[in-house]
Amino acid sequence: MDKINKLKSWINESKNIVVFSGAGMSCPSGIPDFRSSNGIYSEKFKSTFRPEEVISHTFFVNYPELFYEFYFTKMVYKDALPNLSHKYFKKLEATKNITVVTQNIDGLDKKAGIKNVYEIHGTIWENYCTKCHKFYSLDDIDPTKVVPHCSCGGIIKPNVVLYEEGLDNKVINGAINAIANADMLIVIGTSLIVYPAASFINYYDGCKLVIINKSSTPGDNFANLVINDDIINVIKELEK
C-alpha cells in the first residue's frame, strides 16, 4: 500500500507524464503477450517455424501466405477494447500532459482516445502497398484472402515493424523527446529486453521512474519505484 500511495502522490504532483508500455498493458484486453509460458513465442508455428522467424522481413517476402496466416491468427485482435489502464490514462489527460510510448501494435491507446501516442513498432490499423505505397486501413483488408493485394498488383504489408526492419525515425525522435522532457516515466507491462525500444527509458533524467510489471526487469535496479503486480490491480488501487 505504501508503494501505491507513493505512486498516487507522484502522479498528482507531475504535469508531464510518459507511459512506456508493453504487452502487459494489453493482456487484460484479451491480447496474449509474447514471452510468457503461454505467449505467442511459446510454440512453433506449423510445428516447424519459430514465431520470431515468421514475423521477420525475410519470411514476409519469401512466404507471404504463411506470414499472413500467422499474423491474422496470432497478432490481429480487431475487436479488442481498451481496458481499465488505457481508460485511466485517458482520464488523466483532463489535468495532465499524457504521452504514451508503446511497443504494442494493437492501437488500444488511440482507441481509448489518448491524443499523444507513439507506436514505435507500428500498428495493425495501417497497411500499405509494397509497390505503389497506397494506404489501406485494417478494414480494407480481407483476412479470408491468402495474401491481400493492392489494385496495382502489389502485396499489401501491415505497417508493423518486423524483425530485420528499422524503426521509424520520426516516431523514435518524438518518443525520445517526450521521455527526456517528462516529469514522470511509468513503465508498464514490459520485460525491457527488446532493443532498441528498451533503451529509450535511458533518456529519462528525472527522479520518478516507476516500473509496473508482474516479474522483475533489467530496469528495476535504477528505477525509483518498482511494483510487481498486474497493471489492472494497480489501477484499481489508484482509483480507490
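The values are calculated or read from the model by the stated rules, or taken from the named source; none is laboratory data. Note that this is a predicted model, so its numbers are computed, not measured. Quick reminder, even Gly has a Cβ in these numbers, built from the backbone with ideal geometry, and neighbours come from all protein chains shown. For the accessible areas, the whole protein counts, side chains as well, though only heavy atoms, and no ligand, DNA or RNA atoms are used. Shrake-Rupley method; radii C 1.70, N 1.55, O 1.52, S 1.80 Å.
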Among residues of region 60-82 being among the hydrophobic types (A, V, I, L, M, F, W, C) and either free of Cβ contacts under 8 Å to residues at least 40 places away in the same chain or at positive phi (or both), the residue surrounded by the most Cβ atoms within 10 Å (Cβ to Cβ) is Phe67
Residue check, Ser85 of a type in the set (Ser, Thr, Tyr), at pLDDT 95 or above, out of contact with any Leu (no Cβ under 7 Å at 6 or more places or on another chain) and surrounded by 18 or more Cβ atoms within 10 Å (Cβ to Cβ): yes
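Quick check, is Ser215 in contact (Cβ under 8 Å) with a residue 60 or more places away in the chain and open to solvent by 20 Å² or more (accessible area, probe 1.4 Å)?
no
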Filtering region 140-165 down to residues that are in contact (Cβ under 8 Å) with a residue 60 or more places away in the chain, on the phi < 0 side of the Ramachandran plot and open to solvent by 60 Å² or more (accessible area, probe 1.4 Å) yields Pro143, Val146, Tyr163
Within region 2-44, can you find the residues that are modelled with pLDDT under 95, surrounded by fewer than 19 Cβ atoms within 10 Å (Cβ to Cβ) and in contact with an Asp or Glu (Cβ under 8 Å, 6 or more places away or on another chain)? Gly39, Tyr41
Report yes if some residue within region 166-188 is open to solvent by less than 40 Å² (accessible area, probe 1.4 Å), touching a residue at least 40 places away in the same chain (Cβ under 8 Å) and of a type in the set (D, E, K, R); otherwise report no. no
